[in-house]
Structure formats: structure tokens, C-alpha cells
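Shown next, in C-alpha cells, is the structure this report addresses.
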Amino acid sequence: KISLATVYNTVHAFKKKHLKEIAINSSKSYFDTNTTSHHHFYNEEKNELIDISDREIEPIKINKKILGKRIKSVEVLVKIESEN
């Protein structure tokens, strides 16, 4: 039997180098083994996270600059649902 704390500690240890956490909302996250900068579709009905390749999205332009900071990466989460 493994304690829940052990599971969380193991996940957080992997997160440092092997996993990237994708926050869907304040109570749900996914862990992605693709740690490169990329975008995602999130299907709310199926609770499914789908990678979007760079060639499928146009470059994103950010006009705001924060004094003393530089943009490290831009990652977009697009939430989708079935059309009615």
C-alpha cells in the first residue's frame, strides 16, 4: 500500500524534468510528457487533452512588455466542445 503523499511527491519529482503540468482550471491539471513549448486543445466532454503542433497555429504576438522581464514561452489552451 502506498500513501497519497508518496504519489504526489513522486509526481512532483518527475515534474521537475520529465513532466509538464497543464492547468485546465483551478481544480484539474494534466501532466504532459512532452515538455517542449506547444499548445493544446482540451475537450471538456471527453476530458481529453490534445497536442496542437506549431504548424497548426499562427505566431502569437504579445504587445505588453513587463519591465525587467522577458517572455520565456507562450502556450495556448483551447477548450472545445461538440457542435450542436
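A few comments on the model shown:
- Estimated vicinal HN-Hα couplings, Hz - segment 27-34 in sequence order (Karplus 6.51, -1.76, 1.60; Gly, Pro = x): 10, 9, 9, 10, 10, 10, 7, 7
- Report summary: the helix-based calculation at 222 nm, which adds -39500 (n - 2.57) for every DSSP H run with n ≥ 4 and divides by the residues of the chain, gives -4500 deg cm²/dmol.
- Across the accessible surface of the chain, with the other protein chains kept in place and a 1.4 Å probe, carbon and sulfur atoms take up 52 percent.
- FRET efficiency, 1/(1 + (r/R0)^6) with R0 41 Å, evaluated for Lys69 and Asn43 via beta carbons: 0.80
- Span per principal axis, largest first, for the Cα atoms of the chain (Å): 50, 46, 23
- Legend: distances between Cα atoms for Lys20/Lys72; Lys15/Lys46; Lys16/Lys69; Lys28/Lys79; Lys28/Lys72; pairs beyond 20 Å are Lys15/Lys46; Lys16/Lys69; Lys28/Lys72.
- Accessible solvent surface per residue of the chain, calculated while the other protein chains remain in place, 1.4 angstrom probe, Å²: 89
- Rg/Rh, computed from the Cα trace of segment 10-51 with Rh as the Kirkwood radius, has the value 0.97.
- For the peptides 37-50, 3-16, the ranking by packing is 37-50, 3-16, with the highest mean count of neighbouring Cβ atoms within 10 Å listed first.
- Degrees separating the helix 4-15 axis from the principal Cα axis of the chain, which is the longest one: 40
- For the chain, averaging the sequence separation of C-alpha pairs within contact (under 8 Å, six or more residues apart) and dividing by the residue count gives a relative contact order of 25 percent.
- Each other residue within a Cβ distance under 13 Å of Phe31 adds +1 if Lys or Arg and -1 if Asp or Glu, for a net charge of +3.
The values are calculated or read from the model by the stated rules, or taken from the named source; none is laboratory data. Only a predicted model underlies this, so the values are computations on that prediction, with no experimental measurement involved. Using ideal geometry, Cβ is built from the backbone for each residue, glycine included, and neighbour counts are taken over all protein chains shown. All accessible areas refer to the heavy atoms of the entire protein, side chains included, with ligands and DNA or RNA removed. Shrake-Rupley method; radii C 1.70, N 1.55, O 1.52, S 1.80 Å.
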